[in-house]
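Right, one structure below, let's go through it.
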Amino acid sequence: LTIAAGDQGSPHSVEVDVQAAFMHDRRRFTKLTQPLTFGNLHCELQCSWATGSCPEVVIFGAYIILNKTGLPLCVSDEADASQARHPHAPVLLRATKNIVKVSIDQVDTCGGAAADTSAEPPRHECHLYMQCANLKWQKVKGELADGFLVLNDSETDDSLAKVKLSQHTSCEEVEKSRVAGQEHVFCIRDPSFGRAPLLHAESTEALAEWLRSIKRTVDRLQSRFVPNPDLRVGWDAVKHGKCRVAKVPQTGRDAWSDNIPVQATYTGEVAIKSGSTRVFFGVQVQRLGGLLVNSTGVTFTPRFVVQNRTESFVQVMPAFLPSDPRHLRLPREAEPDQLDHAVWVPPKESIALFHFPLWCSEWQAAKGSKAIALRLEGCAQLELADAKSNEGAYLQRVTANFMPYRNEFCQLGPLPTELRTLVGEGRLRCLRGHSLARKPGFGNMVLNMGAEVFLAVLESSSSGSSSSPPESWLPASWVRMRADTSREEVVVDLRSRNESVGKIWFFRKLVDKGPISFEDLPCGSFIFLAQLPLSAETFGHMVGTRLPWSRWVSLDKTGDDVHELHAQAMNGHGYTTHFLRSSLQVESSTAFLVVSSEKAPYRVENRSPSRTLAMIIPDSNQQCRVLPPLSWCAFDWPSHDTKTRKFIVHDVLSSKRQWYDAGEVGPGQSLDLVEDESPATGCTAPLTDEGYRSVSLLMVQEEMTKYVERVYRDMGGHRHSDRDLAKFAAEFSDRSSQSFRKLRQEMVKTNMVPRPKPVLSEAGCNAAMLCEETMTDFVVALLAAGGLSYSDNLLLRGFVVQHLLHADFQSMIK
């Protein structure tokens, strides 16, 4: 038999010898199996003669490579020179050593035709008007060149803003009814802009030319960066929606995966190591069916696919981390080279992820894990960070009935007109102070964008002698705030329980992006910050910033998780809270991370028609959320490392306060506030669990220090100074889920107080249940009273732990 295979222009021929006599007599027929090689095509010939049929000659491929990744791959079986295997084209391999390995072809990384570089990039230039704050239009000189939108000053030609367009940019004309009857208005939308700028041209012809130029620019960007964006063959578009292939960096021709065994059924992943990048594919090795029953299929698929089932763009940041990613925090802003790997996923679409840049050293990557971080479209709002630790400070949005202190329930009186306007626009944020009697301790900080800063200085109305005026110690750049019309100094009352406790003076100044010092501020000070209004200058700075990332989402374990993310507010100022659910599901060799919208894990409703409430989550920032009458707030706990879900509800008018545990209350249950006739203090609260909770509800560190000192004296302590006790009280209060029992345990364990002498009675047994050390002393004394002792420390500790929580004196004796 002469068999030819290959291209029609240059087929390869192979001759196979089959004895003709055997082909006429089934009794003398012998089954024949013979390998065939046609150039680089490797097959096997099998000749068989089944009962009741005629002789049959079957030519099949032993190993069929199926590429469903959307990328051109090079596959090698070490018996054949590696060649490029274009996407979706089946390939036959010999695999004489039962192993294959894979690499990414470098000829055409994107898997499509090269972009058309012959045409000149679209350029357009003319005068425009950009809508700014208060519906005003700013005249600028607009230029579209090399994929950038440049806005220059119309008179001086100075650059005001330069923003980069992307393949996700869109442009559309705006109806006159939406812009107060203004004609020739268009907006440019991009997920990185946050707020779409409104521009209006001088004529209908200029508007049409701008729309055409932006469309040509976007088309060119799509052909340059995404020449073959869709994953079609082997992809279930009906079930999973449209899928795009993420850009894969150059890996080098020497970057090959580890050997993949193909002699047995296998489903998993294969990695390619190339410098500071790891590329992952899914692989399936299985016997095929039907006409290919004699063949083994080796199918390469995307290992990770992110599905966006929300109504907005979601940005994905892949990373290869050194350990469990759930305990690692993403930097406030990633480095530019790290942002190059982040990709946007359009609504209702999917994206196939292959590469994961290293966020660790090579030796840490041996036990590394794959993870991604998520964030929504929009620009970052005002943010302050500590200059030393780079930790972001919590800036609370100023609303009605705002409380400017973390550890004291005080409210501001009527604000001046200018600040009330900023509150209505959602542009005013507050860096809250500690309390009336303590310095805020802000120190040196860094501002992420230009802002107007208002420094609030307290002048107590109850003090008999006035201190030195703030102008004597404030820098000259700070100007006292005055009313717009009367030019009188702005003074705001500070009230607690409808009684004035002081007056607030405001000083203001404009601050550029960069360091700012808040050192040596007096007691009771706090900071207001207002984001600058929209203009051509601020638009360029806004586009250069982004909203914060979510915590890391592990791709190594299946499961669900809920993330609290910020999204751009409709007016462009401030942000709204959105909750996303990430669900990791594995189908064959592909892991699908489904991102969908989710209801808030927790929601507190104020159903009172007249009462204003405040909800406080006890953490490092003492987050306070004000609930006006008939309102609600949705939230999630800042930390998921603890199972405790406790919060405080405070009635602003009556100062009722109560601790609640979300796990114990249950969904749909009412929260009752109990009013104490005489509020407990650190000097009057009883030394019990109820007394400790009443003092902790005050959220005043001085009262907690007095209470800790009373507990210390009651337990026989006398060696520590007041300063040591104040330090211990501050450190103990900063920890979560504390109680009166834990306070006494900590004093015994740290040897602050002497251990109580064991009393061999039922009451003494109950007192010994304080901690493991006191129960050990009690058991040793009980043994000694009976003329016994112990020789096994491990056995003694096991006995102590057994009776620590449910001790019974008589049962212990037995």
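The values are calculated or read from the model by the stated rules, or taken from the named source; none is laboratory data. Being a predicted model, the structure only gives us computed values, none of them experimental. All Cβ positions, even for glycine, are placed from backbone atoms using ideal geometry, and neighbour counts span all protein chains on display. Just so you know, the surface numbers come from the protein's heavy atoms only, side chains and all, with ligands and any DNA or RNA stripped out. Shrake-Rupley method; radii C 1.70, N 1.55, O 1.52, S 1.80 Å.
What the table shows:
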{"quantity": "Flag for residue 707 being at pLDDT 80 or above, in contact with a Cys (Cβ under 9 Å, 6 or more places away or on another chain), aromatic (Phe, Trp, Tyr) and open to solvent by less than 50 Å² (accessible area, probe 1.4 Å)", "calculated": "yes"}
{"quantity": "Filter result for residue 521 (assigned to a loop (DSSP other than H, G, I, E, B), modelled with pLDDT of 80 or more and open to solvent by less than 50 Å² (accessible area, probe 1.4 Å))", "calculated": "yes"}
{"quantity": "Restricting the stretch 524-542 to residues that are closer than 20 Å to residue 379 by Cβ and out of contact with any Leu (no Cβ under 6 Å at 6 or more places or on another chain), the residue that is most open to solvent (accessible area, probe 1.4 Å)", "calculated": "541"}
{"quantity": "Scope the stretch 569-611; condition under 28 Å from residue 530 (Cα atoms), open to solvent by 70 Å² or more (accessible area, probe 1.4 Å) and modelled with pLDDT of 85 or more; matching residues", "calculated": "578"}
{"quantity": "Near pairs, Cβ below 8 angstrom, 6+ apart or cross-chain, from the stretch 731-751 (modelled with pLDDT of 80 or more and surrounded by 15 or more Cβ atoms within 10 Å (Cβ to Cβ)) to any residue that is outside any helix (DSSP H, G or I) and among the basic types (Lys, Arg)", "calculated": "748/755"}
{"quantity": "Subset of the stretch 465-518 (residues that are in contact with a Gly (Cβ under 8 Å, 6 or more places away or on another chain) and either among the hydrophobic types (A, V, I, L, M, F, W, C) or modelled with pLDDT under 80 (or both))", "calculated": "492, 494, 510, 511, 518"}
{"quantity": "Filtered residues of the stretch 170-217 (kept if under 28 Å from residue 311 (Cβ atoms), hydroxyl-bearing (Ser, Thr, Tyr) and open to solvent by 40 Å² or more (accessible area, probe 1.4 Å))", "calculated": "170, 177"}
{"quantity": "Near pairs, Cβ below 8 angstrom, 6+ apart or cross-chain, from the stretch 126-138 (farther than 21 Å from residue 214 by Cβ) to any residue that is surrounded by fewer than 16 Cβ atoms within 10 Å (Cβ to Cβ) and modelled with pLDDT of 75 or more", "calculated": "135/180"}
{"quantity": "Subset of the stretch 661-693 that is polar (S, T, N, Q) and modelled with pLDDT of 75 or more - its residue that is nearest to residue 599 (Cα to Cα)", "calculated": "669"}
{"quantity": "Residues being of a type outside the set (Gly, Ala, Ser), closer than 24 Å to residue 746 by Cα and part of a helix (DSSP H, G or I) - total across the stretch 763-814", "calculated": "21"}
{"quantity": "Some residue of the stretch 775-786 being more than 23 Å from residue 686 (Cβ to Cβ), at pLDDT 80 or above and surrounded by fewer than 12 Cβ atoms within 10 Å (Cβ to Cβ)", "calculated": "yes"}
{"quantity": "Output for the stretch 359-371, where each listed residue is among the hydrophobic types (A, V, I, L, M, F, W, C), in a loop (DSSP other than H, G, I, E, B) and closer than 19 Å to residue 557 by Cβ", "calculated": "359, 360"}
{"quantity": "Residues (within 20 Å of residue 742 (Cα to Cα) and of a type outside the set (A, V, I, L, M, F, W, C)) located in the stretch 768-796", "calculated": "772, 773, 774, 776, 777"}
{"quantity": "Among the candidates 162, 101, 141, residue that is within 30 Å of residue 257 (Cα to Cα), modelled with pLDDT of 80 or more, part of a strand (DSSP E or B) and not aliphatic (A, V, I, L, M)", "calculated": "101"}
{"quantity": "Subset of the stretch 339-351 (residues that are part of a strand (DSSP E or B) and either touching a Cys at 6+ places or on another chain (Cβ under 6 Å) or under 15 Å from residue 192 (Cβ atoms) (or both))", "calculated": "343, 344, 345, 350"}
{"quantity": "Top-ranked residue of the stretch 107-138 - restricted to ones that are over 30 Å from residue 254 (Cβ atoms) and among the hydrophobic types (A, V, I, L, M, F, W, C), ranked as modelled with the lowest pLDDT", "calculated": "119"}
{"quantity": "Failed item in (1) assigned to a loop (DSSP other than H, G, I, E, B); (2) under 20 Å from residue 508 (Cα atoms), with residue 389 passing the rest", "calculated": "(2)"}
{"quantity": "Residues being open to solvent by less than 40 Å² (accessible area, probe 1.4 Å) and among the polar types (S, T, N, Q) - total across the stretch 155-169", "calculated": "2"}
{"quantity": "Residue under evaluation residue 350, criteria (1) among the small types (Gly, Ala, Ser); (2) at pLDDT 85 or above; (3) surrounded by fewer than 17 Cβ atoms within 10 Å (Cβ to Cβ), criterion not met", "calculated": "(3)"}
{"quantity": "Matching residues in the stretch 19-62 - criterion: being modelled with pLDDT of 70 or more, in a loop (DSSP other than H, G, I, E, B) and over 27 Å from residue 297 (Cα atoms)", "calculated": "24, 25, 29, 30, 51, 52, 53, 54"}
{"quantity": "Residue match in the stretch 412-428 (condition: assigned to a strand (DSSP E or B) and of a type outside the set (A, V, I, L, M))", "calculated": "no"}
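A quick yes/no check of all residues on (1) modelled with pLDDT of 90 or more; (2) assigned to a helix (DSSP H, G or I); (3) within 24 Å of the chain's Cα centre (by Cα):
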{"residue": "264", "(1), (2), (3)": "no, no, no"}
{"residue": "272", "(1), (2), (3)": "no, no, no"}
{"residue": "280", "(1), (2), (3)": "yes, no, yes"}
{"residue": "298", "(1), (2), (3)": "no, no, no"}
{"residue": "307", "(1), (2), (3)": "yes, no, yes"}
{"residue": "318", "(1), (2), (3)": "yes, no, yes"}
{"residue": "333", "(1), (2), (3)": "no, no, yes"}
{"residue": "337", "(1), (2), (3)": "no, yes, yes"}
{"residue": "357", "(1), (2), (3)": "no, no, yes"}
